[in-house]
Amino acid sequence: MRQYLTVKKFPWPWSRRDDGQNESSPLIPKLGAAKAEDEELGHVDRKFQTGTPSDQIHNSPTGTRPHYSYSLIDYFLKYFLFLCNLIFTVLGLVVLGLGIWGLVSKESFAQEKIGSIGTDPMLILLTLGFLLTLLCLTGCVGALRENCCLLKLFSAIVLVLITIQVLFAIVAYIMQDQIEGYLRSGMLAAIAGYQDDLDLRFITDEIQLGLQCCGADTYRDWELNVYYNCSAPGVLACGVPATCCVDPLENGTVWNSQCGVGAQLLDEFTAQSVIFLAGCLGGISRWIKQHESLIGTVAVIVVGVQILAVFVTTRLMESIRWHKAHA
């Protein structure tokens with residue numbers, strides 16, 4: 001009987017009873033440890049609620065990150081910047097195409113003309129179109145792809161442009177006399193090359209027609225041109241272009257290209273009924289004074305748009321960084 005009791009008390013695995021359930025079972029906690037577990041759970045809950053977003057992600061029961069969606073303002077800034085830069089990219093391509101077309105049509109890349117290509121006005125259109133296209137394409141792709149590097153480059157270049165424009169306005173206001181001298185030299189150079197460069201001819205004709213003027217300071221400046229000089233052998237000798245004429249249209253319909261022939265031989269009293277005597281520099285000064293408010297308004301709008309572009313770009317970059325950090 002005693003041997004049986006000894007065998008009976010041996011803890012066989014298949015005959016183990018759940019008498020220690022109150023001590024070791026994970027489903028039924030100890031009665032004395034219930035309060036401690038409640039306090040521990042409360043501490044964990046408070047830590048989960050007051051922790052950082054990254055702590056909340058790690059302490060989340062499912063292990064998934066919370067979803068942060070873009071707001072309506074973020075989408076507006078992104079596509080507003082994209083569309084504006086897209087429009088100016090197309091404009092830059094048009095200007096670039098005009099510059100290339102002008103150089104090709106005049107055969108400026110020919111061997112005999114390649115030396116003077118640096119003074120070609122079409123080169124200004126070519127450079128302006130290329131820089132505008134490159135700048136706006138950077139902002140366009142940066143906004144669409146949410147690329148902070150391209151957006152930084154775009155905003156930095158715009159800030160540099162704003163600085164250059166402000167400095168140029170200050171220098172232009174301070175150095176008005178020197179700028180007038182540069183304009184005079186430029187117009188005299190355009191008069192000297194009037195027949196040899198189609199672009200210079202077009203610009204000079206538009207200025208003389210628009211401002212109703214002739215020459216830089218006076219109509220006699222056309223003596224600098226080898227074709228309109230009084231010692232020239234051609235029919236244009238001692239004359240001026242038709243765009244200097246008071247009435248260049250014969251019978252109001254036909255363009256009279258010979259209306260300025262011999263105008264330099266006339267005295268001023270007689271010549272004033274045929275051509276404009278005043279030079280174009282005075283006309284440019286008068287036009288600037290008459291349109292000072294318009295020029296100032298346009299300048300403020302241009303700079304304001306550039307400042308707005310920098311602000312929108314900065315705001316978009318902040319939004320992109322925040323969403324990438326919490327994605």
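If you average 1/r across every pair of different Cα atoms in segment 150-207 and take the reciprocal, what Kirkwood value do you get, in Å? Show your work: numbers first, answer last.
Numbers: mean 1/r = 0.0710 Å⁻¹.
Kirkwood radius, segment 150-207: 14.1 Å.
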5 Å-binned pair-distance histogram of segment 204-327 (Cα, whole percent): 2, 11, 14, 14, 11, 7, 6, 6, 5, 5, 4, 4, 4, 3, 2, 1, 0
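Could you put Trp222, Trp287 in order of accessible surface area, largest first, with the 1.4 Å probe and the full protein assembly present? It would help to have the intermediate numbers written out before the result.
Working: Trp222 0, Trp287 120 Å².
The ranking, largest first, comes out as Trp287, Trp222.
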For Glu180, solvent-accessible area (1.4 Å; no DNA, RNA or ligand), Å²: 70 Å²
Taking segment 221-296 and dividing mean pair separation by its residue count, relative contact order in percent (alpha carbons under 8 Å, at least six apart): 21 percent
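Where does the charge balance sit around Val312 when Lys and Arg score +1, Asp and Glu -1, over other residues with C-beta under 14 Å from its C-beta? All intermediate terms of the calculation are to be shown ahead of the outcome.
On the way: positive: Lys78, Lys152, Arg315; negative: Asp74, Glu146, Glu318.
Its environment carries a net charge of 0.
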Radius 15 Å from Cβ of Ser231, net charge of other residues (Lys, Arg +1; Asp, Glu -1): 0
Sites Leu183 and Val254, calculated FRET efficiency, Cβ-Cβ separation with R0 41 Å, nearest 0.05: 0.75
Cα pair distances of segment 177-237 binned at 5 Å [whole percent]: 4, 19, 25, 28, 16, 5, 2, 0
Distance (nanometres) between label positions extended 7 Å along Cα→Cβ at Val166 and Leu144: 3.2 nm
Lys289 accessible area, 1.4 Å probe, all protein chains in place, Å² to nearest 10: 150 Å²
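What is the Å³ per residue value for the convex hull set by the Cα atoms of segment 265-311?
On the way: hull volume 4.4 nm³, N = 47.
Once divided by residue count, the hull of segment 265-311 is 94 Å³.
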Interchain or long-range residues, amide H under 5 Å from Ile275's placed H: Val246
Val261 accessible area, assembled protein chains, probe 1.4 Å, Å²: 60 Å²
Size of charge dipole - segment 147-258 - debye, nearest 20, with Cβ of Lys, Arg +1 and Asp, Glu -1, no other charges: 440 debye
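Quick one: if you take sqrt(5λ) for each eigenvalue of the C-alpha gyration tensor of segment 84-238, what semi-axes come out, biggest first, whole angstrom? Please list the in-between numbers first.
Details: eigenvalues 300, 87, 29 Å².
Over the Cα atoms of segment 84-238, the ellipsoid semi-axes are 39, 21, 12 Å.
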FRET E, pair Val94, Leu123, Förster distance 22 Å, beta-carbon r, rounded to 0.05: 0.85
Burial ranking of peptide ranges 293-304, 266-277, 190-201 (average Cβ count within 10 Å, highest at the top): 190-201, 266-277, 293-304
Where labels lie 7 Å past Cα in the beta-carbon direction, separation of Glu268 and Ile174 in nm: 3.7 nm
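What's the FRET efficiency of Val298 with Trp322 using the Cβ-Cβ distance as r and R₀ = 45 Å, to the nearest 0.05?
Values: r = 37 Å, r/R0 = 0.82.
Efficiency computed from Cβ-Cβ geometry: 0.75.
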Over segment 199-327, relative contact order from alpha-carbon pairs under 8 Å, at least 6 apart, %: 23 percent
Whole-number accessible area per residue in Å² for segment 187-327, which is evaluated in the context of all protein chains at 1.4 Å: 56 Å²
Apportionment of accessible area to carbon and sulfur, segment 140-200, percent (1.4 Å): 70 percent
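The values are calculated or read from the model by the stated rules, or taken from the named source; none is laboratory data. Since we're looking at a predicted model, the values are computed, not measured. Here Cβ is always computed from backbone atoms with ideal geometry, including for glycine, and neighbour counts include all displayed protein chains. In case anyone asks, the SASA skips ligands and DNA or RNA and just uses the protein heavy atoms, side chains included. Shrake-Rupley method; radii C 1.70, N 1.55, O 1.52, S 1.80 Å.
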